[in-house]
Amino acid sequence: MQPLAAELEIDFQSETYKDAYSRINAIVIEGEQEAYENYIKLAELLPANHDQLIGLSKMESRHKKGFEACGRNLKVTPDLQFAKEFFAPLHDNFKAAAATGNVVTCLLIQSLIIECFAIAAYNIYIPVADDFARKITEGVVKDEYSHLNFGEVWLKANFEASKAELEEANRQNLPIVWKMLNQVAADAEVLAMEKEALVEDFMIQYGEALSNIGFTTRDIMRLSAYGLSA
Ligand code: Y39
Ligand code: FE
Ligand code: FE
Ligand code: FE
């Protein structure tokens, strides 16, 4: 498939593009850094899966390096302060859940919500990315599917015992994701990433994940739209 970026004649060196990229690139770099830390924490919380989770954390730190290179390639300085604030509500909820040993909540936040957000964003970005970033992102998104799969497999195996905590964690954290999407929509648009496409892809990934874990279609409708109007 011919990359859409060529057809759209995106000017990757325009000040408008680089300004938006300074925030989106920072979000991705900070997100990968936090994902790295979150999987190390999950490795502590799930000793039976320790080595596998350390493996995932190492992938996240490689992703971070890849996206740092994408920023350098476009001569963009990532706005990391913006990105830290962007992730703070989800990150704080992850840390609070980890501190109280609520591993199901930690898995919902990192391995379902954040991974689905990443998969949606990377899928939508790939066709409109510059050549350098496209190659990096294609490699990264394959890994993200494996991270999502880890969460699905663990939660499916522990479904009955996790169900109530998943419902509550979804209620607390899904509205935050819709707010994050709204915050980034204008910058994403500059990169030719449409908000509607991001929402649609996220809903598909998240709905499929909930289905794989064992939720019914009825549950999935209720859970995945929670807070969408926020
Ligand atoms: O598991 C991961 O690697 C996820 C942390 C990385 C973050 C993805 C955040 C993507 C949001 C970008 C929004 C752009 C429209
Ligand atoms: Fe990653
Ligand atoms: Fe990941
Ligand atoms: Fe548009």
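The values are calculated or read from the model by the stated rules, or taken from the named source; none is laboratory data. Note that this is a predicted model, so its numbers are computed, not measured. Heads up, the Cβs are rebuilt from the backbone with ideal geometry, glycines too, and the neighbour counts pull from every protein chain shown.
Check region 145-155 and report whether any residue there is assigned to a helix (DSSP H, G or I), away from ligand 2 (no atom under 16 Å from the Cβ) and farther than 27 Å from SER61 by Cα. So far as region 145-155 goes, no, none of its residues is assigned to a helix (DSSP H, G or I), away from ligand 2 (no atom under 16 Å from the Cβ) and farther than 27 Å from SER61 by Cα. The residues of region 105-123 that are more than 16 Å from ligand 2 (Cβ to nearest atom) and either surrounded by fewer than 19 Cβ atoms within 10 Å (Cβ to Cβ) or within 21 Å of VAL199 (Cβ to Cβ) (or both) amount to a single one, LEU108. Criterion applied to ILE124, ILE119 was being at pLDDT 95 or above, touching a Leu at 6+ places or on another chain (Cβ under 9 Å), of a type outside the set (Ser, Thr, Tyr) and closer than 15 Å to TYR206 by Cα, and the one residue passing it is ILE119.
Only one of the numbered conditions (1) within 16 Å of ligand 4 (Cβ to nearest atom); (2) buried (at least 17 other Cβ atoms within 10 Å of the Cβ); (3) not charged (D, E, K, R) is not met by ALA186, and that is (2). Looking at region 1-114, the helices (runs of 4 or more DSSP H) lying wholly inside it that each contain 2 or more residues that are away from ligand 3 (no atom under 16 Å from the Cβ) and over 22 Å from VAL190 (Cβ atoms) sit at 15-45, 50-73, 80-99, 103-107.
Against the criterion of being closer than 23 Å to PRO89 by Cβ and touching a residue at least 24 places away in the same chain (Cβ under 8 Å), MET180 qualifies. Determine whether region 150-173 contains at least one residue that is within 18 Å of the chain's Cα centre (by Cα), surrounded by fewer than 22 Cβ atoms within 10 Å (Cβ to Cβ) and within 30 Å of PHE12 (Cβ to Cβ). No, region 150-173 contains no residue that is within 18 Å of the chain's Cα centre (by Cα), surrounded by fewer than 22 Cβ atoms within 10 Å (Cβ to Cβ) and within 30 Å of PHE12 (Cβ to Cβ).
Is there a residue in region 175-195 that is among the polar types (S, T, N, Q) and within 16 Å of ligand 3 (Cβ to nearest atom)?
no
Suppose we keep only residues that are away from ligand 3 (no atom under 16 Å from the Cβ), hydrophobic (A, V, I, L, M, F, W, C) and part of a helix (DSSP H, G or I) within region 127-144. Which one would you say is surrounded by the most Cβ atoms within 10 Å (Cβ to Cβ)? Going through the qualifying residues, I end up with ALA133.
Within region 156-201, being of a type outside the set (Gly, Ala, Ser), within 10 Å of ligand 1 (Cβ to nearest atom) and in a helix (DSSP H, G or I) holds for VAL177, MET180, LEU181, GLN183, VAL184, ASP187, GLU189, LYS195, LEU198.
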